[in-house]
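Input: a single structure, listed below in structure tokens.
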Amino acid sequence: MDDVEAYLSENADAAIEELKAFCRIESVSTDPAYRSGISAAADFVAERLTRAGFPTVEIIETGGHPAVVAEWCAAPGAPTILVYGHYDVQPPDPLEKWASPPFSPDIRDDRLYARGASDDKGPVMIPILVAEAFAQTRGKPPLNVKMIVEGEEESGSPHLGETIARLKERLAADLVVSADGAMWRADLPSVTVASRGLIALDVTVSGASKDLHSGRHGGSAPNPVRALSRMLASLHDEAGRVAVPGFADDATPPDPAILDAIRASGFDPADYFRAIGAPLPDPLPSAEELLTRQWLEPTLEFNGISGGYSGPGTKTVIPSSASAKITCRLVAGQEPEAVCAAIETHLRRVTPTGYAIEVREHGPGSAAFALDPDEPALAITEDVLEGILGARPLRVAMGATIPIGAVFKEHLGAPLVFFSFSTADEDYHAPNEFFRLDSFRKGLIAWARLFDRLADGLPERATPER
Ligand SMILES: [Zn+2]
């Protein structure tokens with residue numbers, strides 16, 4: 001064990017006490033009642049970064065909750081990494097379901113129970129402690145380290161993109177390393193290399209200018225519910241795949257390693273349908289087909305349909321309009337704007353004559369995130385994880401959307417790797433959130449090795465795209 005790792009091991013118990021102090025701060029970002037907890041958590045992070053040795057630490061106003069930005073660029077000629085994490089947490093409700101109070105950290109079975117312990121206070125403390133360990137043993141980190149720790153992740157990071165854009169000279173880096181994110185399963189090391197993007201739109205179809213009596217006008221007047229139903233039905237084929245022309249034309253094929261991970265996953269489709277409480281389809285899809293659809297294919301889902309009367313009893317009405325809410329998960333290569341346009345074009349083309357249609361997009365959407373399979377930093381993170389966890393990690397994708405992957409790429413031109421030591425089963429959006437202290441200790445050693453390996457092996461990129 002080298003000097004840095006020895007220092008981290010000797011100080012791990014003190015580090016756990018500090019993590020408990022961090023977890024006592026009630027930094028819920030979505031609820032204004034916790035405003036003082038938010039500023040206390042930002043202060044805590046800034047103070048801890050300063051004490052670790054970061055020469056520049058600043059609490060940055062964003063228009064929402066502040067972000068803490070730090071820089072330690074004392075390794076000329078070495079690459080620069082930007083570490084991302086967040087200090088805000090999910091609301092603790094329902095309080096009565098917690099075995100110990102959410103903001104009174106409690107250790108049981110070598111697990112630290114507290115709101116935010118796993119997402120993301122434990123994982124984000126690790127790189128700060130590692131930078132400090134390098135300073136205490138070797139005088140400074142082996143590469144240039146910048147950090148951005150935001151306070152709005154649990155509220156959808158509404159100001160992160162503009163903050164990064166505003167600070168892009170200051171945050172410029174060869175690589176972004178996310179201390180947020182999670183391994184898929186405790187017994188199976190994994191790295192997330194892709195996540196799907198998201199767009200949302202509303203479609204409204206109108207017929208007559210007002211609701212009509214179904215006896216007086218039935219059979220002659222347009223019925224927007226009928227028209228909309230036919231239009232929506234045309235968006236998928238019989239197998240449930242999206243049938244909009246041009247929808248997935250620009251999609252790029254996934255990293256083949258993800259398909260290997262799917263095969264190695266031991267995922268049971270029947271268990272999956274039982275777990276969601278749905279009747280078993282016949283034939284049952286294979287694990288490969290089901291996870292491919294969940295992780296690697298774009299989707300178009302109806303989130304709600306409204307029109308006419310849906311209260312108790314009956315009402316003999318022909319509604320004047322009907323509408324549907326649609327969201328799509330996108331894969332790499334699909335441009336949010338182009339996909340919205342393809343859907344709108346299709347809907348307009350299938351709108352029956354005698355009806356008006358309106359399509360409204362919700363915001364610009366987010367593109368999918370996909371790491372280049374040949375990215376050198378990915379191989380380095382896999383080597384380090386293999387050395388610590390004893391098995392080569394699987395490359396996995398996420399069906400959900402992680403906006404940060406695309407946001408950093410867009411504004412800094414730098415790729416992002418996930419290097420988080422939380423695990424998806426640690427109840428981080430539920431009561432009794434916990435963080436495995438074994439993961440915390442392993443994470444300290446892993447980040448120390450990551451710093452060293454990236455210092456030697458990360459190619460310095462040309463000035464990031466502006
Ligand atoms: Zn998080």
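Some notes on this structure:
- A straight line joining the Cα centroids of segment 273-287 and segment 25-58 runs 45 Å.
- Cα centre as origin, Lys/Arg/Asp/Glu Cβ charges: segment 374-462 dipole, Debye: 80
- Lysine pairs meeting the criterion (Cα under 23 Å, 8 or more apart or interchain), as found in the chain: 13
- The mean sequence distance of close C-alpha pairs (under 8 Å, at least 6 residues apart), as a share of the length of segment 244-401, puts its relative contact order at 30 percent.
- Considering only alpha-carbon pairs that sit under 8 angstrom and 6 or more positions apart, the relative contact order computed for segment 253-297 is 46 percent.
- Relative to the longest principal axis of the Cα atoms of the chain, the long axis of helix 224-233 makes an angle of roughly 50 degrees.
- Computed extension length for I107-S229: 38.5 nm, one decimal, from 0.36 nm per residue of separation with the Cα-Cα distance subtracted.
- Each of the peptides 214-223, 172-181 was scored by the mean count of other Cβ atoms within 10 Å over its residues; in descending order, highest first, they stand as 172-181, 214-223.
- Rg/Rh, computed from the Cα trace of segment 91-188 with Rh as the Kirkwood radius, has the value 1.03.
- Using C-alpha pairs under 8 Å with a sequence gap of at least 6, the mean separation divided by the residue count of segment 46-205 gives a relative contact order of 32 percent.
- Among beta bridges that DSSP assigns inside the chain, antiparallel share in %, nearest 5: 70
- Taking the average, over residues, of other Cβ atoms within 10 Å as the packing measure, peptides 417-429, 66-78, 268-280 rank 417-429, 66-78, 268-280 from highest down.
- Helix 35-52 vs. the chain, principal-axis angle (Cα, 0 to 90°, nearest 10): 40
- Against the chain, whose longest principal axis is taken from its Cα atoms, helix 376-389 shows a tilt of about 70°.
FYI, it's all coordinate maths here, none of it is from the lab. Quick caveat: nothing in here was measured; it's all calculated off a predicted structure. Cβ sites come from the backbone with ideal geometry, for glycine too, and all protein chains shown count toward neighbours.
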